[in-house]
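The structure under discussion appears below in the form of structure tokens.
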Amino acid sequence: PDIYVIPSAGGAAQRLTKDPAAEIMPFWSPNGGWIYFCSARSGTRQIWRIPSHGGMEEQITKTGGCAPRVTPDGSTIYYMKRSGPIASIWKVPADGGDETLVLNNVIDRCFAVSRGRLYHVARLPDEPHVSLRYLDLTTNKVTIVRTLVGHVSPTIAVSPEGTSVLYRQVDRQGSNLMLVDNFH
């Protein structure tokens, strides 16, 4: 797989990456100038970026990572390192630099970043169920939004204004799209 862009109104797709390694999980920077993605072109999965109009790719992480998410101000990349279905979330400056552990015990790819909050699905070792939570990035306090029963898919998103969280959960009734709203 490679990274392509296409005008939202339609038209020809532009291929941005051409490396033999798989280029996966692309994510736009807020200003649209960069596309961050995961690739093992250096031997292990790392976070890379490429200008959205094409150009030279740049490796951002050095110690591994996948599933990049960019803060709304474009300054920080949050990403995952995983060991089976459980992962940890790390952060790095958008231009590269020191990589810092943020959270452990997160369900693989179940996270999103909004203004001042890192939403994620997690289960601590002593908890019977997973829960949707957010980490306040200023105070480092974790707040549980909702306990979830059933399998949670790696789809989670926050509305642009930060007032709603979207996630998908599979339970006995089938697959539902859930929206948590007005939880300030």
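Taking only the alpha carbons of region 65-150, what extent do you get along each of the three principal axes, in Å, biggest first?
Extents along the principal axes: 39, 26, 18 Å.
Expressed as a rounded percentage, what relative contact order does the chain have, with Cα pairs under 8 Å and six or more residues apart?
Relative CO of the chain lands at 10 percent.
Mind giving me the nanometre distance, one decimal, between the label points for ASN105 and ILE6, set 7 Å out from Cα along Cα→Cβ?
4.2
In sequence order, what are the phi-derived ³J(HN,Hα) couplings for region 57-65 according to the Karplus relation 6.51 cos²θ - 1.76 cosθ + 1.60 with θ = phi - 60°, rounded to whole Hz, with x for glycine and proline?
Karplus values, whole Hz, x for Gly and Pro: 6, 10, 7, 9, 9, 10, 10, x, x.
May I ask you to order 88-96, 141-149, 160-168, 104-112 by the average number of other C-beta atoms within 10 Å around their residues, highest value first?
104-112, 88-96, 160-168, 141-149
For the chain, with only Lys/Arg (+1) and Asp/Glu (-1) charged at the beta-carbon, what is the dipole magnitude about the Cα centre, in debye rounded to 20?
With Lys and Arg at +1 and Asp and Glu at -1, about 260 debye.
State, to one decimal in nm, how far the label point of ILE144 lies from the label point of ARG15, with both points 7 Å from Cα in the Cβ direction.
4.9
Percent relative contact order of region 1-76, based on C-alpha pairs within less than 8 angstrom and at least six residues apart?
Dividing the mean separation by the residue count of region 1-76 yields 24 percent.
If you average the sequence gap of Cα pairs under 8 Å that are 6 or more apart and divide by the length of region 72-130, what percent do you get for the contact order?
25
Express in % the proportion of alpha carbon pairs of the chain at distances exceeding 29 Å.
24
No lab work stands behind these numbers, since they all come straight from the coordinates. Computed from a predicted structure; not experimentally measured. Quick reminder, even Gly has a Cβ in these numbers, built from the backbone with ideal geometry, and neighbours come from all protein chains shown.
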